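Participant: I have a structure I would like to understand better, so I am pasting it below and will then ask my questions one at a time.
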Amino acid sequence: MIIAVATRPKEGNKVNGDVWRFREFEKGILIALADGLGSGLEAYEAAREVVDFISRTHLRSEDELLDLVRGCHEKARRLRGATLGLAYINFQKEVLSFVGIGDIRAKIYGEREHGLLSMPGIVGRDIRRARKFEYPFSPGYILVMATDGICSWFKIGEFLPGISIKELAHKILEKYGREDDATVIAAKWEVER
């Protein structure tokens with residue numbers, strides 16, 4: 001897996017309220033992106049609390065993603081709250097499992113480009129209904145996850161082919177970034193040669 005991040009805080013802020021983490025497991029990889037409500041230090045602290053909990057929690061399989069979201073929800077109750085996207089790529093099954101709470105944007109580019117579904121809510125405040133969705137994800141596929149500092153109508157395919165994953169993340173941030181904390185994670189399952 002090749003993973004790249006492009007990020008910037010809201011203009012005028014020194015601290016970014018978006019926090020991310022990648023964790024490798026026996027069967028796959030977990031990509032987590034949290035966006036603390038608002039911006040600045042309090043947003044960062046809320047997102048960091050969620051991601052730190054994810055870092056400390058052992059995950060045996062993608063079947064535990066909803067339990068992970070519930071644990072994040074409990075940890076973030078005393079803070080401002082955050083939106084959250086969790087993508088678990090199971091390399092053996094060639095499946096991407098995704099749980100999105102709030103306005104985390106996520107898309108896959110493979111045989112075609114399509115958006116992943118997030119459910120309404122705020123981790124730490126109100127999760128109405130968390131749900132895990134599964135999507136085919138094979139070697140050569142690309143996942144892009146972004147916070148709401150990126151316009152929801154961003155397109156992955158307009159920048160392909162011919163650029164690296166790092167360049168892709170930066171180009172999406174540059175073209176579709178808005179006046180807010182903004183983060184783009186781009187991940188590609190590299191095809192073995």
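No lab work stands behind these numbers, since they all come straight from the coordinates. Keep in mind that what you see is a predicted model, and the values were worked out from it rather than measured. With ideal geometry, Cβ positions are generated from the backbone for all residues, glycine too; neighbour counts draw on all protein chains shown.
Participant: Once you have the Kirkwood Rh of the chain from its Cα pairs, apply Stokes-Einstein at 4 °C and 1.567 mPa s and quote D in µm²/s. Intermediate results must be reported in sequence, preceding the final value.
Facilitator: Working: Rh = 16.3 Å.
The Stokes-Einstein estimate is 79 µm²/s.
Participant: Taking 1 over the mean of 1/r across every pair of different Cα atoms in segment 1-96, what Kirkwood radius in Å do you get? It would help to have the intermediate numbers written out before the result.
Facilitator: Values: mean 1/r = 0.0720 Å⁻¹.
Taking the inverse mean of 1/r over all distinct Cα pairs, segment 1-96 comes out at 13.9 Å.
Participant: Go through 93/175; 10/132; 93/166; 93/171; 107/175; 75/171 and tell me which ones have a Cα-Cα distance over 23 Å in this structure. Intermediate values should be presented prior to the final figure.
Facilitator: On the way: 93/175 34 Å; 10/132 30 Å; 93/166 26 Å; 93/171 31 Å; 107/175 16 Å; 75/171 34 Å.
Pairs exceeding the cut-off: 93/175; 10/132; 93/166; 93/171; 75/171.
Participant: Which trypsin sites (Lys or Arg not before Pro) from segment 9-50 combine a DSSP loop assignment with at most 12 other Cβ atoms within 10 Å? Before the final figure, lay out each step's value.
Facilitator: Numbers: sites: 10, 14, 21, 23, 27, 48; in loops: 10, 14, 27.
Answer in residue order: 14.
Participant: Moving to a separate point now. Taking the beta-carbon count within 10 Å as an exposure proxy, list 57, 183 from fewest neighbours to most. The partial results should precede the final answer.
Facilitator: Numbers: 57 15, 183 28.
Final ranking by Cβ density, sparse to dense: 57, 183.
Participant: I would also like to ask the following. Tell me, what HN-Hα J-couplings in whole Hz come from the Karplus equation 6.51 cos²θ - 1.76 cosθ + 1.60 at θ = phi - 60° for each residue of segment 70-87, using x for Gly and Pro?
Facilitator: Each residue of segment 70-87 in turn: 4, x, 4, 4, 5, 5, 8, 4, 7, 10, 5, x, 7, 8, 8, x, 10, 10 Hz.
Participant: Can you quote the Å³ per residue value for the convex hull of the Cα atoms in segment 134-193, rounded to an integer? Walk me through the numbers before you get to the answer.
Facilitator: Numbers: hull volume 5.4 nm³, N = 60.
Enclosed volume per residue, from the Cα hull, is 90 Å³.
Participant: Stokes-Einstein at 25 °C, 0.890 mPa s, Kirkwood radius from Cα pairs: D for segment 87-193 in µm² s⁻¹? Write down the numbers at each step before the final one.
Facilitator: On the way: Rh = 14.5 Å.
In µm²/s, the coefficient rounds to 170.
Participant: Next up: May I ask you to work out the translational diffusion coefficient for segment 22-72 at 20 °C, viscosity 1.002 mPa s, via Stokes-Einstein with Rh from the Kirkwood sum over Cα pairs, reported in whole µm²/s?
Facilitator: 183
Participant: Loop-only check: which trypsin sites (Lys or Arg not before Pro) in segment 116-170 are DSSP coil with at most 11 other Cβ within 10 angstrom?
Facilitator: Details: sites: 125, 128, 129, 131, 132, 155, 166; in loops: 125, 128, 129, 131, 132, 155.
Here the sparse-neighbourhood loop sites are 128, 129.
Participant: Could you work out the helix-only [θ] at 222 nm for the chain, with each DSSP H run of four or more residues adding -39,500 (n - 2.57) and the total divided by the number of residues, to the nearest 500 deg cm²/dmol? Please report the intermediate quantities before stating the final value.
Facilitator: On the way: 3 runs with 39 residues, N = 193.
Computed mean residue ellipticity for the chain: -6500 deg cm²/dmol.
Participant: So, one more: If you keep only loop residues by DSSP, which GluC sites (Glu not before Pro) in segment 20-126 have at most 16 other Cβ atoms within 10 Å of their Cβ? Don't skip to the answer; put the middle values down first.
Facilitator: Working: sites: 24, 26, 42, 45, 49, 62, 64, 74, 94, 111, 113; in loops: 26, 94, 111.
Sparse-neighbourhood loop GluC sites (Glu not before Pro): 26, 94, 111.
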